[in-house]
1. Starting from the stretch 38-51, take each residue that is at pLDDT below 80 and list its partners that are surrounded by fewer than 14 Cβ atoms within 10 Å (Cβ to Cβ), counting only C-beta distances under 7 angstrom and pairs at least six apart or across chains.
2. Quick one: how many residues across the stretch 237-256 are buried (at least 18 other Cβ atoms within 10 Å of the Cβ) and either within 21 Å of residue 137 (Cα to Cα) or outside the structural domain of residue 113 (by TED's automatic domain parsing) (or both)?
3. Quick check on my filter: what residues within the stretch 113-139 are in a strand (DSSP E or B), farther than 17 Å from residue 246 by Cβ and over 9 Å from the mean Cα position of the chain (by Cα)?
4. Quick one: in the stretch 226-240, which of the residues that are in a helix (DSSP H, G or I) and of a type in the set (A, V, I, L, M) is farthest from residue 101 (Cα to Cα)?
5. If a residue must be more than 19 Å from the chain's Cα centre (by Cα) and not in a helix (DSSP H, G or I), how many such residues does the stretch 61-101 contain?
6. Please verify whether the stretch 150-161 includes one or more residues that are surrounded by fewer than 19 Cβ atoms within 10 Å (Cβ to Cβ), in a helix (DSSP H, G or I) and at pLDDT 95 or above.
7. Looking only at the stretch 236-258, count every residue that is more than 17 Å from the chain's Cα centre (by Cα) and not hydroxyl-bearing (Ser, Thr, Tyr) and tell me the total.
8. Return only the number of the condition from (1) part of a helix (DSSP H, G or I); (2) surrounded by fewer than 23 Cβ atoms within 10 Å (Cβ to Cβ) that residue 170 does not satisfy.
Amino acid sequence: MITPSQPNASEYLEIICQKLPVVKNILNTFGHMSLGVYTERFNRPPCPAVQSRDDIRQAAFDQIDPVLGENIATRTANDLMASGTVMTTTHLGIDYFANSVQGNLIYGAGILTGRRKGTTIPIFCFGNVPLNSSTFARGLLVYGTGLGVSRKLPLRLPVFPDSEKRTMASLAKPFTMAMQRRAIKKTNAWKKENLISGTTAATILSLLEYEYAHDAVLNQDSYAAQAMIVNRMLGKRMLKTSEYLPDIVYLEIEKITAFLLDNDLNHENSLAYRIFFNPKLRDIIIQHLDGCPGCWHVEKLNARDTATGKPDGTATGTIFFWGIDDYGCRVPLLLKSIKGDLHLCGRDDRGDLCTMNFTRDELMQALEKQKLLPSLFTCFLLICFARGFNCVGGVFKAHI
């Protein structure tokens, strides 16, 4: 029997360019450059902003300090303020997803090679994805299998139990020693079954027995804090031979945004206040961004709101914020008037209705109590448009 030949690297690249025209455009425009020269393009001043960027420093510091300490928090906040760009396409979690790990290293190449000043690589990550998403914050993604094993990669090695798979990463409780031990047991079983090589198994076991079992990790009160510590430790593993050894620091972009909103919604001239509470401007924004990626689908949100029983799972996006139900899962929200007052309304996946007044005080209380999470639109509104950061990352934001 003749086995069909596998595509070579150039054929794979051609497939990628067909599926993602933006990649083809990047290669046509910048393909002649070395990676080092290309990444120099990230070293540019901020975009013109309508508001001061100064509060970004405090937002970053406050998130890092309780977890990694004052020294790293200060250095990260200073590096963030000195840069005009920030990586913004990573998902919250201990990161093994090849796309984001490689993208983050490319983004930080200037610091890794000494071309750019700085001792940290700040990464803004989104926590509004479930633990079981493609980036698999629920556990480890394993790209290496045993000899002769033909199986779709990456393999998924869970740490959190199946019952937690739909919980948003930002709301997940910390993993425990018992979960870590179950992951060790499964790794050994995979090795015995020859699903993974001995080298791969040894690497996984080393991670689980050191990084995951470290007292500083197990003593945290949230998975988000655990992920910040472990991602920094993984960075040290990857970069230990580098002459320049920066700290890779993952920050939750929704927490940064909530901190900024607390200030902006107290000032009527801020961009967020105008868009949220100026009826004419708000209606224009909702209308013109209806159906845009990362925004909302008003018709689908209306259909979900008026449906009986469980929603059908149609992707709807959300207007300005995600709601959070009692199970830590996100709820798409629609803005609508009820008895003359504006409300955020939505139905969770069980069909239960959640409603809250769309006022400054209600929004901030809900953010503090973890009943709301800023949407992708709101995050970029405050960080990119209001404060002028060039937000990079991923194949859809590679051209800056």
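1. Matching pairs, first to second residue: 41/400.
2. Matching residues across the stretch 237-256 total 10.
3. Across the stretch 113-139, the qualifying residues are 130, 139.
4. Filtering first and then ranking leaves 229.
5. Total satisfying the criteria: 3.
6. Taking every residue of the stretch 150-161 in turn, none turns out to be surrounded by fewer than 19 Cβ atoms within 10 Å (Cβ to Cβ), in a helix (DSSP H, G or I) and at pLDDT 95 or above.
7. Step one: of the stretch 236-258, the residues more than 17 Å from the chain's Cα centre (by Cα) are 236-247.
Those still in the list that are not hydroxyl-bearing (Ser, Thr, Tyr) too: 236-240, 243, 245-247.
Counting residues in the stretch 236-258 that are more than 17 Å from the chain's Cα centre (by Cα) and not hydroxyl-bearing (Ser, Thr, Tyr) gives 9.
8. The failed condition is (2).
The values are calculated or read from the model by the stated rules, or taken from the named source; none is laboratory data. Only a predicted model underlies this, so the values are computations on that prediction, with no experimental measurement involved. Neighbour counts run over all protein chains shown; Cβ positions are idealised from the backbone, glycine included.
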